[in-house]
Amino acid sequence: MAISQIEVSNLIKTYSSRAEELTVLRSISFKIARGEVVCFLGTSGSGKTTTLNLLAGIDKPTAGKIYYGGKDIHEWSTDQLFEYRLKEIGFIFQEFYLLEHLSALENVMVPIILDGESEEVAQDLALELLNQVGLGGRALNLPQELSSGEKQRVCVARAIVNNPSVLIADEPTGTLDSKTGGEIMSLLLRLAKKNKMAMIYTTHDPYFTKLASKIIVLQKGKIIEHSPDDFEDIGYDKSRFEFLFKGEKDE
Ligand SMILES: Nc1ncnc2c1ncn2[C@@H]1O[C@H](COP(=O)(O)OP(=O)(O)OP(=O)(O)O)[C@@H](O)[C@H]1O
Ligand SMILES: [Mg+2]
């Protein structure tokens, strides 16, 4: 059997502060195959962002393993982990995290320059990507001059510019109206398919759960639902998830 692209085994995360210790992931395990579209669901505070940050190597688990292509990512050196974050993972944050003093173009150039390319190469590539996400005409604008939907497009371009194998999007539509959110989701899915990337996302919008080929539901740091691996039918027991959206969105 082929090795999963990502395999997570008994992951535990405890945040420690002066006041308390808070265990937010309680031994979760799952696998993600190449090209799979995986949606994490769960009420606020259930551990979705924590899970995505661990997968991306942005944060470290308290216990448990994350294997990427069969390799334990926490056995890697700092340099190897940096390479993993830079080249294998494209991350789209809910709050954009664009560098405010840099133009859209320069924001997209950052990962390419970090990867050692010249400014000229970075500029050409970044512009190509901005064109791909429909933002070529706004390349020289600062983030503050862009709408939320446009900022999110810059983030999408920045996330995919190094041609990652996994695209991770933490509530990519959270701050957008439903039409713009739909455009961003279809852009992400189109790019993921075209570039053969796995896509992992979270959402609070019931409609966007339908786009996944796998759904994993977290509750208080545990997996309480995991759709079957061959889940294609978007009608799969959808009523099971309704409780997650109660009072969150009226659509
Ligand atoms: N750096 C941190 N230090 C301490 N506690 C944290 C930290 N980050 C998250 N938490 C706590 O961990 C729990 C899970 O947070 P997480 O951000 O993973 O939830 P989430 O499912 O993404 O929620 P939301 O839907 O609101 O984004 C929450 O109780 C949160 O307060
Ligand atoms: Mg979150």
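So the values come out like this:
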| quantity | calculated |
| --- | --- |
| Positive-end residue of LEU55, ALA159, ILE12, charge dipole of the chain with Cβ unit charges | ILE12 |
| Value of relative contact order over segment 1-135, rounded to a whole percent, pairs C-alpha under 8 Å and six or more apart | 21 percent |
| Spin-label zone in segment 23-60 - amide nitrogen under 14 Å from a point set 7 Å from the Cα of ASN10 along the C-beta vector | 26-30 |
| Average Cα contact separation per residue, segment 145-227, under 8 Å, 6 or more apart, as relative contact order % | 26 percent |
| Distance-filtered residues of segment 27-46 - backbone nitrogen under 20 Å, label point 7 angstrom along LYS65 Cα→Cβ | 27-34 |
| Within the chain, helix-based [θ] at 222 nm, where runs of 4 or more DSSP H residues each add -39,500 (n - 2.57), nearest 500 | -9000 deg cm²/dmol |
| Calculated Rg and Dmax of segment 1-129 using C-alpha coordinates, Å | 17.0, 50 |
| For segment 7-109, size of Cβ-based charge dipole, Lys and Arg +1, Asp and Glu -1, in debye | 380 debye |
| If the convex hull is drawn through the Cα atoms of segment 85-196, its volume per residue in Å³ | 90 Å³ |
| The chain - charge dipole about Cα centre, Lys and Arg +1 at Cβ, Asp and Glu -1, debye rounded to 20 | 680 debye |
| Segment 65-96: GluC sites (Glu not before Pro) in DSSP coil with no more than 16 other Cβ atoms inside 10 Å | GLU95 |
| Calculated from backbone phi, Karplus (6.51, -1.76, 1.60) coupling profile of segment 191-197 in Hz, x at Gly/Pro | 5, 4, 5, 4, 8, 6, 9 |
| Cα-derived Rg over Rh, computed across the chain with Rh taken as Kirkwood radius | 0.96 |
| In nm, spacing of pseudo-spin labels at LYS220 and LEU22 (7 Å Cα→C-beta vector) | 1.5 nm |
| Length-normalised contact order of the chain in % [C-alpha pairs under 8 Å, at least 6 apart] | 25 percent |
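FYI, it's all coordinate maths here, none of it is from the lab. Computed from a prediction, not measured in an experiment: that's the story for all the values here. Here the Cβ is made from the backbone with ideal geometry for all residues, glycine too, and neighbour counts use every protein chain on show.
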